[in-house]
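The values are calculated or read from the model by the stated rules, or taken from the named source; none is laboratory data. Small disclaimer: the values here were computed from a predicted structure and weren't measured. Glycine gets a Cβ as well: all are built from the backbone with ideal geometry, and neighbour counts include every protein chain shown. The accessibility values were calculated without ligands, DNA or RNA, using every heavy atom of the protein model including side chains. Shrake-Rupley method; radii C 1.70, N 1.55, O 1.52, S 1.80 Å.
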Amino acid sequence: MLLTLTITSLFLTLFVYFALKPNSRKSKYPPSPPKLPFIGNLHQLGSIPHRSLGALSKKHGPLMLLHIGNSPALVVSSKESAEEIMKTQDLIFADRPPSLVFDAIGYRGKDVALARYGEHWRQVKKITVQHLLNIKLVESFRVVREDEVASLVEKISRASGPVNLSELVISTTSNIISTIALGRKYYDEKQSEGNGFNEFLEEFFLLLGAFHIGDYIPSLGWIGCLTGLDARLKKHSQQWNNFLDQVIAEHIGTGKDVDNGRKDFVDMLLEVEEGGSVGVPFNKDHIKAVLLDTFAAGTDSTYTAINWTLAELVRNPREMKKVQEEIRRTVRGNSRVTEDDLRQMSYLKCVIKESFRMHPPFPLLLPRNCMQNAEVMGYQVPANSRVVVNAWAIGRDPEAWDNPEEFRPERFINSGVDFRGHDFGLIPFGSGRRACPGISFAVAKMELVLASVLHGFDWEVPGGASPEALDMTEVQGATTRKKIPLILVARPYIYSP
């Protein structure tokens, strides 16, 4: 009897101690969902991770610690926690985690987007911003954008039936980037399947979004060989290398674009290499790495954003009519939209913001790496944790947005909220040191394409189907695309004098 009372008393004492202890080990880390041995929370990512993680964050909170195999991962799902990571403690979280996929394709950290944080990254970013992405240079390429978008409008005008807008838009965005970066067009929507630059570029986007188990459970890295992923990465890396070697050799031979004498990105980067004043090693591999960044960020993401925006407008006829009236009133019967016209289209800018809120092209921003033990909003974050900012969940957060599931561009009228990294409820391009430096390039293309196709045509779902029934299913890749191509009927708009 005495022994039973003693054991019971000891059990109750220990229970009360651990239950009431404020700084117990269990309470100092962010909350976590239950995990399985060895794989941790890997099984809970699902096929559309931003949605799976968004659902988990509703249960466990805006800061959540997952374990993906051996790797701790902090999932950030509120604007307050995003601001803490990307502004207040930006330096601590400015690194990128290692990636077998990125290393295989991206010249092992010689670029800007994926390189580890340090002096080399700072200097290459400085080169990119000063020589390639400054506002003056963005404006200097407007003729490329306007000519290519005019070609897009002409192709739509010639169509005799429903138009595959997805195919036409990716052709347009790809050719704008390849002309600006490489000096000429490479993408051709008429190119035969299984051959050429089109398929090559599509494989690039698929591989950028590939999941390699070896990044999270190194002992299972061999699975990449078994599934064929390692072989695809190796083959594609060699194809990129050969292609860009040829492009660079052509530029060295001609000095600049022989068609119009205008310098492109390759010319400018070759001048930087020749000048030798960077302060860190900068050679042909660095040039190729920066060009890869240009294609990854400047093609797929812009195409994806345009596609989602057009789809939402088709599903919301009132907003479609409102933005078309603004565009047509601004252009005043002219046959082409110019970039000067865009400055007066305030509602179009609201539409784009709302599209970015609901459909950020990279819903899980490029991962960051915690460089040292840190404290975020009262929780401990271990060094070398991956940090995943769920921009999709932040854009759908009812604490930050009224009726977040509704497409309502009016919410941005007379609002100072923007998407350039200062308002943490809307961060499609990220923020802080690792924000995308090419925002101006991306937005210039997106605004011109949207204004032009909305100016010249009225759009309908084929077969008289209801606009609300348009399929909005997502598919995961480098970006989160619309799974079903956007195929619509274009009715030319008749201008009245």
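Some notes on this structure:
- Over the range 44-180, Cα pairs under 8 Å with separation of 6+ residues give a relative contact order of 10 percent.
- Length released on extending from R343 to F243, taking residue separation times 0.36 nm less the Cα-Cα span: 32.2 nm
- Cα-based values for the range 419-497, radius of gyration first and Dmax second, are 17.0, 50 Å.
- Taking S151, S166 and ordering them by how much accessible surface each has at a 1.4 Å probe, largest first, produces S151, S166.
- Contour minus Cα-Cα distance for Q380 and A55 (0.36 nm per residue): 114.7 nm
- For the range 422-497, averaging the sequence separation of C-alpha pairs within contact (under 8 Å, six or more residues apart) and dividing by the residue count gives a relative contact order of 27 percent.
- Taking 18 Å as the cut-off, the amide N atoms of the range 300-331 that come nearer than this to a point 7 Å along the Cα-to-beta-carbon line of I484 belong to 307-317.
- Percent RCO, i.e. relative contact order, over the chain, from Cα pairs under 8 Å lying at least 6 residues apart: 23 percent
- Accessible area of Y495 in the full protein assembly, 1.4 Å probe (Å², nearest 10): 90 Å²
- Comparing Cα centroids, the range 109-161 and the range 39-57 end up 33 angstrom apart.
- Gyration tensor over alpha-carbon atoms, the chain, equivalent ellipsoid semi-axes in Å: 42, 29, 21
- When the alpha-carbon atoms of the range 320-431 are used, the pair Rg, Dmax equals 18.1, 60 angstrom.
- Axial C-alpha extent at least 20 Å, average Kyte-Doolittle at least 1.0 - helices from the chain (DSSP): 2-20, 165-182, 439-456
- All other residues whose Cβ lies under 10 angstrom from that of I68 are scored, Lys and Arg at +1 and Asp and Glu at -1, for a net of +1.
- Extension gain from K234 to R491, taking 0.36 nm per residue of separation minus the Cα-Cα distance: 87.9 nm
- Pairwise Cα separations in the range 115-189 fall into 5 Å bins from 0 onward with the following percentages, short to long: 3, 14, 19, 17, 14, 13, 9, 6, 3, 2, 1, 0.
- Cα gyration tensor, the range 147-254 - rounded (a/c under 1.5), prolate or oblate: oblate
- The accessible area of Y216, taken with all protein chains in place and a 1.4 Å probe, comes to roughly 40 Å².
- Cα shape, the range 204-319, gyration tensor, a/c 1.5 rule: oblate
- Solvent exposure ordering (accessible area, 1.4 Å, most first) of R332, R315, R368, R491: R332, R491, R315, R368
- Charge sum, other residues only, whose C-beta stays under 14 Å from S47's C-beta, Lys/Arg counted +1 and Asp/Glu -1: +2
- Per-peptide average of other Cβ atoms within 10 Å, ordering 383-391, 227-235 highest first: 383-391, 227-235
- Alpha-carbon centroids, the range 287-315 and the range 433-476: separation in whole Å: 10 Å
- Neighbours of E326 by Cβ distance under 14 Å: Lys/Arg scored +1, Asp/Glu scored -1, total +3.
- Prolate/oblate/rounded call for the range 32-168, Cα gyration tensor, a/c under 1.5 rounded: oblate
- Heavy-atom SASA rank of K79, K110, K87 (probe 1.4 Å, accessible area, largest first): K87, K79, K110
- Lysine pairs in the range 28-114 whose alpha-carbon atoms fall under 25 angstrom of each other, counting only those eight or more residues apart or on distinct chains, come to 11.
- Less than 5 angstrom separates the built amide H of Q380 from those of Y29, all sequence-distant by 5 or more or on a different chain.
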